Each structure stands twice: as C-alpha cells, then as structure tokens.
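J.: Sharing a structure below in structure tokens format, with a few things to ask.
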C-alpha cells in the first residue's frame, strides 16, 4: 500500500490530522491535545495495527518543539511518522507509554533532554542525566556547556 | 516409566558434561593450539599490517623536505580539532611571497585514527604510521609538531 | 629405603633419648606445627600455580610465564603482593567477627590435616574415628563463611554466606553417605585400617558399582562443599561480585584464598585415601615384576600423586562448566544425589553382608 | 537516594548491581529489589557513559559524523558506519559502486559474527564458565586481523565513507576471509560441545527471562532478542539495504521467547552470516570502490531515516536537515535502549542468578544504550 492509500485510510480515522510532504513515509501532524486518542486508534484499529513504535524523539526548532513518533505495523508493514508541535516554553503532551511500553524509556529521555512534560506518565524521572541535574536541557539548541564542549 | 526416565535424564546429563570435559581436556593436552603471544618479547618480530592506523606522521626525504603545502584540508577534515596548521610566508628566490607551513601541530591525545585527514590531503603529505605504543607519563608529550625543524617543501608540490 | 616413617621414627627416638618424655613431646608438637604450616604455604603456592596453569592450558593460553623460570615463582609474587596490601576493615563491619572469620577458616583447614596419612606410617594423629572426625570438623567451615558474610555488613556478602550455608549443609549429607559406603565395606572408621584394607586392591576397583557411584557422588559433593565452581555460588563472581569475601583484602583475603585451596587438598586427600588406596601402590593381581616396580615408588609419591590427580579433576570441572543456580543446586542435591547415594549405600551394605566384594 | 542503600518498607532488600559489577560489562547500573533471592523489580539507571553523541553530531559535517557512531555500539561499529553512509547517500542520491556494496555487506556480516562471538564468550562467563570466552576470542581475533589488514583498525574502523569505501580492499582480503570461514566451520561444533549441549547451561537458560511476542513488540525490542520471541523483525529481510536482497539467507526465528531461544537465534545467525559471506566473497565485482561526490556534502532540506540491522537489532538514524553542511538534528534509535527497557518485565519473579542470564542474552552494550 503506498502513501496515498494509507493517507486516505488514516484520514477517515483521524479527522483533524494534517499531512506533510517529504520523507519516505507518510507524515501526519496531529494536535497535541488529540494525540492520546489518536494513538489509541492507530494502535488498535484492525486495519492499521501500528503496534511497533520504533523511534520517539523531539526536535528543537527554536520557535517550537516537534515531537516525532515513528510507527510501524508488524502485521501490515506500514510505516508512518506522526508529529506534534509543542510550545517551546511550556511543552507538554500526553504520554503514550501505556499504549507502547517502549515509550516509557524514550519519553523519559525526551523529558530530560528537551524538557517536554509528559502528562500522566507514571515514572517521569531523570534517566540518563545524573540525579539532581539542574539547568537547561542538553539537546535544546540554546544549551551551552562551557566546560565540556569543544569548540572547533 | 518414571525410573527409566530418571535414569535416562541422569545419563544424558552426565554425558553432556563429559563431552564438555573432553573438549577442555583436548586443549589441556594439545599445547600447539595455544594462540596467545608473549607481547613485549615478540616486539621485534611483530608485523603490523601496512594500513594499520597508529598515528599521523609527515614523511620527510633525505634533504629534509616534506610535501605539505599548508592548505589546511586536514585541519578542516578533522572531526575533533586534532590538527592545527600554522602557516608563515616564505620569500622565494624571485622575491615572491609564498605560503608555507611553520608548524603542523598534531594532538595525539585527541586523535581517533579516523583517517579522514589522510584522505583529505591533496598532496599526500601526511600518512598513518604503524606505531602503537603511545603511552607517556606526561600528556603534553602527546602534542607533536609533525614537520621537522628547518624542513622545506619539496620541489614541484603546489 | 628412604621414607617419611624412618625419618620421623629416628627423630622420635633421638628426642626421647636426649630429653625427658614431656619435653620430647613438646618439641615433637612444635616440629609438627612447623611442618604443617610449611606444608600449608607450599601447598598454597603449588596449588595456585597449578590452577593457573590448568586454566591457561584449557583456555588455549600460556599461563603465568613472567616471574621466575617458566613462571614458577608467580604464586610467590602473588603472595608477596597480598602480604603488603592494606587489610581494610569496613566502617560498618563487626570488627571482631570480621577479622576473626579468616582465622576460623584456617584453623578448620589445620584441624582437618590431623588424621591424614601422607605416607606409610606417617600420620599426625592415628585417630580411631578418623572418618567421623573429618565429617564433623569440616562442617565448622561454614561457620567462618557465615561469620565473614554477616560481619562484612554488605548485602552481597550476606547473600553469599546464606547461599553457602544452604549449600554446605545439604551437600554434607551426600558426602557423608558416600564415605559411609567405604566404612560399610571396611567396617572401620580408622584411616589407617581403611588404607590397609586396600592392600589387595583399591576400593574403587573391588567395590563394584556402589564404590564407583559413591566415588562420583563424593567428588561432586566435595566440590560443592569446598565452594568450587560449578558450585561456587557463595562467591558467584558475576552475580555477587565476590560473595562472602567481597570486603576482604590483603592478608585476610589471602587466608580465605589459602583455606579454599587447602580444603580442596584435604578433601582430595580423603577421596584418595578412601577410594584410591591412600599411599598404597597400584598393584595388579599376580604380575610380580610390575608389583615390585610399583612397590619401589615411595608411598608419599603415591599419596600425593593420587591427591593431585583428584585436585586436577576438580580444577577440570571448574574450567569447563557454568555455574548452577541456587535452586538448581539444591535440587541436584535433594532430588538426585541424596536418593542415589541412599540407594547406593543400601546396595553397598547388601554387597558387604554377602561378602561379594573381593 | 536513601532508599537505594537500605531496604524497602516491606523488608525487601535493595541492591545495586553496577555501575561497577562483573556482570554488567560496562557501566550499567541496575537497582534491584530482592525478596530473598527472588527479583521483585529491576530499575536501570543509565548515563554513566553518555557522551551526547546526538549533540556532537550537530556540529560535525556529513563526512565526519560517522566516526562517532563507531563509538556507540562498538561491537558492530562497521554496521553503524554503514547506516550513516546509507543515510547520506540517500539524501544526496548517490549510487554506490557495486564493489563497495559487496564489501560493505561482507564486512557487516564479519562484524556480526565477531560481535556474536564476543557475546557468546561473555555470556558464558556471566554464567560462570570462563573457558568459552577464550575459545570465542580465537575466532574473533582472526576476524579482527582481517579488519586490521583491510580497514586499518580492529574495533573502530571508520572504513565506510559516503559514496563507498575509504580504501580498496586489501589484496589478501578474499583469501583471508576464506581461511577464516574454513577455520570457523571447523570450530563451530566445539561451541555446542562446550556450552550449548551442557546440561547445567541448558537448565540455566531454558524458561528463564520469558517475554511474549506482544510484549517484545510493545517494548520496541528488535534483533536477536526479539527474534527469540518469534517476532519477524530482521531489517535485512524486511527493508533490504546494500545487496541483502540478492543473497540467500534465512531469518532465524525461535518461538520459545526464553533465554535459550535468544541464545539459539544468535548461534544460528552466525551460521547464516557465514553462508552470506560464502555467497559473496568470490563474486566481488571489479571496478570503482568509491563514487564521485562533492568535497563538501550538503543534504537537501528535509528528513531522512534509515534502518539497518546491527548485531543487537534495529539501528535507526534519523536526520533532520536544514540544507547546511551539518545535520540540524540527528537521532540514533539504538537497539539496546529499547531492549533494556524490557528487562524489568522479563526479570520479575526470577532468581538473582537468572538476571545475568537475561542480561547476557539481551546482549547489552552500554555505550549503545547511553549514546
């Protein structure tokens, strides 16, 4: 099934989703408030079954943050990319760790690296950064580590 | 039957253990299979492959000339600031100013032996040497100047 | 002919002629103590070197080859290193018990040396209940491990000690049963008598199947009792870092280390005595010339040869097998070894009553 | 932190396995809640070797950034470099010469064997058998010698560059690979004798660390760890790259889902890798080894994603490009990170001794997890 057919199928299920060109796979942009209910549909709908969240990350665009979820269906072998734009100052989005368990670790990583607050996440603690880390989130573009970073 | 099964279990278990012991016993008695080398003793007979990436060096010929034009391609190619090219201007015989290297500083402590500088070099001035015993007591000894003192660029290298 | 028994009896006579009997006894005791400590030190050095060599050759390596000719002085260098290392006592540890535990381990090892016959008529203490004494004293070993584990105030140590407790208590049973098989055959608890009963053949040959089974069980059980791999759960490097001696360093660690090897030596010596005829030479029926040649080899060489063969066997286990899990370890004892050794004892008793052994 | 040094309110023991511990092969820190010997909870604490490779790559050019990935999963550094080269080639739409493709796949499979070889030895060592480690290193060393001769390094090769290979293969390469294959075939049965068939080993592995196929997918597991649960997830089959679509090999699947299944997947996978190399080694086409590319590489504006199958599972490289010489954002989806997240579910209710078997069969490489 190519991108267009998948787009038609998904747009029936996710009415407010917006589509973006580019990339190998279908890019879907969803509203961060709707994401949790959409995620449940993508996972559970019998004709999609996106059960494999293989990549979860975030991009700092300086004006806003974008959450990126790469989803795959192990049954039908569809791949899609779901994106959601977040406010840069108070980024927050619903957690999907109860839908895809791998999101637990990945969201904790995004939480500490980008400062995104995952609502209703059961265990939102620092995973990689040392306990008691203070200061900015390392993967944000405005982060500067004066001690360890080598300027070329 | 329970007893037969029990005995079979014990038998196959003991057999599997004996098979393993046979294997280690074989190596215990066959010393020709030993593969380890006595490293510091075999230093002079050791041959490293000619592509082995040990450290960056700059070969000089017998007239103390090298091939480096000071184009800084290696400096740009290096991912972690290992190479620093310091240039100067030589006055040639005709009275023209010509760019040449003063020092090519190489930080062995930062080098990851990725070979990117070597393939970036347009005049093949630097190569990888096959040395590997780099440990020193003072870190500053790892910062090296690759060109010999008073060395000149070879004729015909632009 | 040169032998240990001649030397010891001549010393005995000379002392009794030169001194009063009390003094002679005291001097003999001192000499025996010095000899035992000397034997300990030598055994420690030899066994550590042997273990490293065996391990290296099985692992297609060369093994120690730097210190001394062919690396023979390697274990001496190790000992020196351990001696000069600082012996730390952790802050939260129970200081008395922590420092006392390694000495208990050593004391047990020393006590176990007493009834072993190293050569013909060469024995510290010809005890008439030697076998019983050995089984009784060897179980004190677990106390030192429990003490070390508890006093270290370290969770790894505690878990190692608890594992070791469960392990030694259970494996003592089947070790005891397999020793009993020989006791049933010989009808004696005295080591000397057991050895003498093997003049016409070792028990492993003339005891038929029960002796062989009990020999195998004995080897498995003593491997477990001495906490050697594949039963080294008390140390279990990849699980508990170093188990009960995690917090020990320097000489105190060395004592545990030494005690382990001495224990291996002792259990192998007992195994050699019970099943392989102790210092008895190997003899075949009526091959007169062969038997004479065998007799000519000193009895001490026979004893140490057999013992070191068993030690090699235990080292061979260690460098071949993976470690068992704690529940599998106890399953092996209670579901396999114990029932088999009980049945085996029954069989042996029947054989002994019917007199079917040679 | 006080919780970590004592016991819980229920009287359960909390122990820290790592960051310095013989079984964690690096600096993984697991906080384990124990009831007696039974594990109630495993909680990984990461970051002891976090170098923020993603941030570093943001300031490295497309020619430079792949050397850093050798330091991620250092046991499959070649495959990581392959992924980086693939994504740059995809962005620039460069056609890689056939010779380079063949060599890349051969080296990938050699790396996979070397990695599984190390895993085999290290896992046996975790279970208390020391000897297999050295036996495994015998074969691994001969792979490393091949790598050293052709790539110039034994572990962090950086031999694959965008467009092809850094240098042509060494003249001895084909002969030495064939020698290795014949050596390997004569030794592979020893592995079964020494470890696989051993009754103690089987008891330690069978039924330990079970994870169902649904859980494995939900946890995002990939590679041999997921294939042990019967999840069809081999990127080489599903989304072929290089010349994997031209070679015959089986995707190794086991359905039991326990440690022994994961073990058998890797053992069988080594044999598959050997057969892939055998198919390719005599057929390396002559010709160029490096495609012509510009001196300064600039990826067009957009997003790129490649997936490759490393020795541990699916490595994804996600690049967001703004059209500059350096990536705007780069994300490495490392297999170990997702595989590790399943450890808690696997370990609950098993014994402490089983934990090393589980960690062994998940084949964790800590720099790969922390990045």
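J.: What does the average come to when, for each residue of peptide B:72-81, you count the partner chain Cβ atoms lying within 10 Å of its Cβ?
T.: Mean shielding by partner chains, rounded to a whole number: 4.
J.: I've got another one for you. Decide, for the range A:3-88, between rounded, prolate and oblate: order the square roots of the alpha carbon gyration tensor eigenvalues as a ≥ b ≥ c, take rounded if a/c falls under 1.5, and otherwise choose prolate if a/b is larger than b/c, else oblate.
T.: Prolate.
J.: Taking square-rooted eigenvalues a ≥ b ≥ c of the alpha carbon gyration tensor, is the range C:58-124 rounded, prolate or oblate, where a/c under 1.5 means rounded and, failing that, a/b exceeding b/c means prolate?
T.: oblate
J.: I've got another one for you. For residue B:97 and residue B:119, what is the calculated FRET efficiency with R₀ set at 30 Å and r taken between the beta-carbons, to the nearest 0.05?
T.: On the way: r = 30 Å, r/R0 = 1.00.
That pair, residue B:97 with residue B:119, gives E of 0.50.
J.: Fewest to most neighbouring Cβ within 10 Å: what's the order for C:323, D:348, D:140? Could the numbers behind the result be given before it?
T.: Details: C:323 27, D:348 13, D:140 20.
Fewest-to-most Cβ neighbours within 10 Å comes out as D:348, D:140, C:323.
J.: With the calculation restricted to Cα positions, what are the radius of gyration and Dmax of chain B in angstrom?
T.: Rg, Dmax (Cα atoms, Å): 28.4, 105.
J.: Which of the three applies to chain D, rounded, prolate or oblate, going by the alpha-carbon gyration tensor with a ≥ b ≥ c and a/c under 1.5 meaning rounded?
T.: oblate
J.: Suppose only helical runs count, i.e. DSSP H with n ≥ 4. What mean residue ellipticity at 222 nm does that imply for chain B under -39500 (n - 2.57) per run, divided by all residues and rounded to the nearest 500 deg cm²/dmol?
T.: -7500 deg cm²/dmol
J.: To continue, here is another question. With labels modelled as points extended 7 Å from the Cα through the Cβ direction, what inter-label distance (nm, one decimal) is found for residue D:212 paired with residue C:95?
T.: It is 5.7 nm.
J.: In a GNM of chain B with a 10 Å cut-off on Cα contacts, which of B:34, B:86, B:119 has the highest mean-square fluctuation?
T.: Taking springs between Cα atoms under 10 Å, the residue moving most is B:34.
J.: How far is helix A:35-44 tilted, in degrees, relative to the longest principal axis of the Cα atoms in chain A, given as a value from 0 to 90 rounded to the nearest 10?
T.: 50 degrees
J.: If you don't mind, another one. Order D:282-288, B:52-58 from most to least packed using the mean count of other Cβ atoms within 10 Å. It would help to have the intermediate numbers written out before the result.
T.: Working: D:282-288: 11.9, B:52-58: 19.6.
Descending mean neighbour count gives B:52-58, D:282-288.
J.: Run through every distinct alpha carbon pair of the range B:31-102 and return the Kirkwood hydrodynamic radius in angstroms, one decimal place.
T.: 16.7 Å
J.: Using only Cα atoms and rounding to the nearest 10 degrees, what angle (0 to 90) does helix B:2-29 make with the longest principal axis of chain B?
T.: Once rounded, the angle reads 40 degrees.
J.: Hey, got the average number of other protein chain Cβ atoms within 10 angstrom for residues in D:134-141?
T.: Numbers: counts 10, 8, 0, 5, 6, 0, 0, 2.
Counting other chains' Cβ atoms within 10 Å and averaging over D:134-141 gives 4.
J.: Okay, moving on. Looking only at C:238, C:299, C:75, which one moves most when chain C is put into a Gaussian network model with springs between Cα atoms under 10 Å?
T.: Among C:238, C:299, C:75, the largest GNM mean-square fluctuation belongs to C:238.
J.: Same structure, new question: At 222 nm, what value in deg cm²/dmol follows for chain D if DSSP H runs of at least 4 each add -39500 (n - 2.57) and the sum is divided by all its residues, to the nearest 500?
T.: Numbers: 16 runs with 170 residues, N = 371.
My calculation for chain D gives -13500 deg cm²/dmol from helical runs alone.
J.: Right, another one. Enter the Cα centre distance for the pair the range D:290-348 and the range A:16-43, rounded to the nearest angstrom.
T.: 21 Å
J.: Given 25 °C and 0.890 mPa s, how large is the Stokes-Einstein diffusion coefficient of the protein assembly as shown in µm²/s, with Rh as the Kirkwood radius over Cα pairs?
T.: D = 75 µm²/s.
J.: Continuing with the same structure: Counting only other chains, what is the mean number of Cβ atoms within 10 angstrom of the Cβ of each residue in peptide B:26-37? Write out the running numbers ahead of the final one.
T.: Values: counts 3, 11, 13, 2, 2, 3, 1, 4, 8, 10, 11, 1.
Mean number of neighbouring Cβ atoms from other chains: 6.
J.: Highest mean first, how do D:326-335, B:1-10 rank when packing is the count of other Cβ atoms within 10 Å averaged over residues?
T.: Values: D:326-335: 23.6, B:1-10: 9.6.
Packing order, densest peptide first, comes out as D:326-335, B:1-10.
J.: How many angstrom separate the Cα center of the range C:206-272 from the Cα center of the range C:50-93?
T.: So the two Cα centres are separated by 19 Å.
J.: State the volume of the convex hull built on the alpha-carbon positions of the range B:97-158, expressed per residue in Å³ and rounded to an integer. Don't skip to the answer; put the middle values down first.
T.: Numbers: hull volume 7.4 nm³, N = 62.
Dividing the Cα hull volume of the range B:97-158 by its residues yields 120 Å³.
J.: Where the centroid of each part is defined by its Cα atoms, how far is the range D:18-94 from the range D:101-122 in Å?
T.: 18 Å
J.: Please give the peptides D:58-67, A:75-84, C:9-18 ranked by average Cβ packing (other Cβ atoms within 10 Å per residue), highest first, as a rough proxy for protection.
T.: Highest mean packing first, the order is D:58-67, A:75-84, C:9-18.
J.: To the nearest 0.05, what FRET efficiency results for residue A:122 and residue A:90 with a Förster distance of 22 Å applied to their C-beta separation?
T.: On the way: r = 21 Å, r/R0 = 0.96.
After rounding to 0.05, the efficiency reads 0.55.
J.: Right, next: Please give the helix D:352-362 orientation as an angle from the longest Cα principal axis of chain D, in degrees from 0 to 90, rounded to the nearest 10.
T.: Rounded to the nearest ten degrees, it is 10.
J.: Which distance in nm do the two modelled labels at residue B:133 and residue C:85 give, with both placed 7 Å along the Cα-to-Cβ direction?
T.: Modelled inter-label distance: 2.9 nm.
J.: Using label points projected 7 Å from each Cα along Cα→Cβ, tell me how many nm separate residue A:2 and residue A:31, to one decimal.
T.: Each label point is offset 7 Å from its Cα along the Cβ direction, giving 3.2 nm.
J.: Next question, about the same structure. Okay, helix-only estimate at 222 nm for chain C: each DSSP H run of n ≥ 4 adds -39500 (n - 2.57), divide by all residues, round to 500 deg cm²/dmol; what do you get?
T.: Theoretical 222 nm ellipticity from helices: -22500 deg cm²/dmol.
J.: Let me know the Kirkwood hydrodynamic radius for the range C:108-259, please, with Cα pairs as the basis and the value in Å to one decimal.
T.: For the range C:108-259, inverting the mean 1/r across all distinct Cα pairs yields 16.8 Å.
J.: Pick from C:193, C:260, C:172: which residue has the top mean-square fluctuation in a GNM of chain C where Cα pairs under 10 Å get a spring?
T.: Largest GNM mean-square fluctuation: C:193.
J.: Please find the FRET efficiency linking residue C:35 to residue B:37, where r is the Cβ-Cβ separation and R0 is fixed at 51 Å, and quote it to the nearest 0.05.
T.: Result of the calculation: an efficiency of 0.75.
J.: Express the C-alpha Rg of chain C as a ratio against the empirical globular expectation 2.2 N^0.38 Å, rounded to two decimals. Show your work: numbers first, answer last.
T.: Working: Rg = 21.2 Å, N = 358, 2.2 N^0.38 = 20.6 Å.
Dividing the Cα radius of gyration by 2.2 N^0.38 Å gives 1.03.
Rule-based calculations on the coordinates, nothing more; no lab input. These numbers were taken from a predicted model, which means no experiment stands behind them. As a convention, Cβ positions derive from the backbone with ideal geometry for all residues, glycine included, and neighbour counts pool all protein chains shown.
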